[in-house]
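Engineer: Just dropping this structure here.
The values are calculated or read from the model by the stated rules, or taken from the named source; none is laboratory data. All figures in this text were calculated on a predicted structure; none of them were measured in a lab. Here Cβ is always computed from backbone atoms with ideal geometry, including for glycine, and neighbour counts include all displayed protein chains.
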Amino acid sequence: MDAAAERAVTDLIQWFGTAGEDLPWRRTRDRYAVLVAETQLQATPVRRVVPYYVSWMERWPTAAALARASVGDVLAAWHGLGYPLRARRLHEASRVVAERGWPADDRMTDLPGVGAYTAAALRCFADEADVLPVDTNVRRVMARRFPGGWPGTPPGRAWAAGQALMDLGRLWCTNRAPRCDGGCPVRAGCPAADAGNVADVTPPLRRQGRYEGSMRQRRGTLMGALARGERVRLDDDPDASASLVHDGLAARDGRWLVRAGHA
Ligand code: SF4
């Protein structure tokens, strides 16, 4: 066992105990709430997610409540977070949970939209199980700060360790501007910072294509109009309309594109 790495984990958890951000999804251990937060946080920054998460949970506080909602209302409430297929999958997952309950602990990925990361997040952030969710930020922290592998979590501290890694990767050990000598809470003994090879060991990010003029933007424009209750002609953007219909995010009604579930 790497005693220095274990000490870094202890330091990280201690730091999180005093400096960790108070985010609304950190005040719950409810699986549905964690699923909502984790789904919204995929590809959307924390600050942007907070108001959406709060109003979502007020409106649909349980999987059963979300399961009863119409898909059109769900997509309209999601508008602004981007990647609306996430909302569609979350809605489907809520219906499965409302009907059959949660899958077994090792079958979370059976739920629509739940991949390996979200399954691990449910286990760690809702169940406080000793399972480490590894997203892009955490993968980067691991490569830089724990190149010999994660040394394990002290008993009963899995939730805090997972959340602390999230904050470390998001706020300190960032991709482009890591704040190694600007107060990083685990700077002491950091292998990458000591070796001066932080950039070299950083895993490459998946490149996002340009948003301006992209199909994603065109789909977003149509989804925004539907969310505002405006009428949208299929002819306005036939390709983007067809792609939304194909993904179940909108429907056709004669010459019109309408909210999914409203045709
Ligand atoms: S010292 Fe630098 S590279 Fe190491 S964990 Fe902190 S921010 Fe990341």
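Engineer: Going by the conditions given, is residue 82 touching a residue at least 40 places away in the same chain (Cβ under 8 Å), assigned to a helix (DSSP H, G or I) and more than 20 Å from residue 168 (Cα to Cα)? Walk me through it before giving the result.
Structural biologist: Values: touching a residue at least 40 places away in the same chain (Cβ under 8 Å): yes; assigned to a helix (DSSP H, G or I): no; more than 20 Å from residue 168 (Cα to Cα): yes.
The answer is no for residue 82.
Engineer: Next question. Residue 34: surrounded by 16 or more Cβ atoms within 10 Å (Cβ to Cβ), at pLDDT 95 or above and in a helix (DSSP H, G or I), yes or no?
Structural biologist: On the way: surrounded by 16 or more Cβ atoms within 10 Å (Cβ to Cβ): yes; at pLDDT 95 or above: yes; in a helix (DSSP H, G or I): yes.
Spelling it out, residue 34 is indeed surrounded by 16 or more Cβ atoms within 10 Å (Cβ to Cβ), at pLDDT 95 or above and in a helix (DSSP H, G or I).
Engineer: Here is a further query. Suppose we filter 68, 107 for residues that are closer than 21 Å to residue 251 by Cα, surrounded by fewer than 17 Cβ atoms within 10 Å (Cβ to Cβ), more than 17 Å from the chain's Cα centre (by Cα) and modelled with pLDDT of 95 or more; which single one remains? Steps first, please.
Structural biologist: Numbers: 107 fails: closer than 21 Å to residue 251 by Cα.
After applying the criteria, what remains is 68.
Here is a yes/no grid of residues against (1) of a type in the set (A, V, I, L, M, F, W, C); (2) in contact with a Lys or Arg (Cβ under 8 Å, 6 or more places away or on another chain):
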| residue | (1), (2) |
| --- | --- |
| 71 | yes, yes |
| 79 | no, no |
| 86 | no, no |
| 109 | no, no |
| 115 | no, no |
| 127 | no, yes |
| 142 | yes, no |
| 145 | no, no |
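Engineer: Among the residues in region 105-115, are any within 16 Å of the ligand (Cβ to nearest atom), not in a helix (DSSP H, G or I) and not basic (Lys, Arg)? Full working, then the answer.
Structural biologist: As a first pass, look at region 105-115 and keep what is within 16 Å of the ligand (Cβ to nearest atom): none.
No, region 105-115 has no match at all.
Engineer: Take residues that are surrounded by fewer than 18 Cβ atoms within 10 Å (Cβ to Cβ) and more than 16 Å from the ligand (Cβ to nearest atom) and tell me which of the helices (runs of 4 or more DSSP H) falling wholly in region 148-263 contain 2 or more.
Structural biologist: On the way: elements: 158-167, 191-195, 198-201, 215-227, 238-246.
Here the list reads 215-227, 238-246.
Engineer: Now a separate question. Which ones in region 71-87 are closer than 13 Å to residue 42 by Cβ and in contact with a helix residue (DSSP H, G or I) (Cβ under 9 Å, 6 or more places away or on another chain)?
Structural biologist: Selection gives 78, 81, 82, 83, 84, 86, 87.
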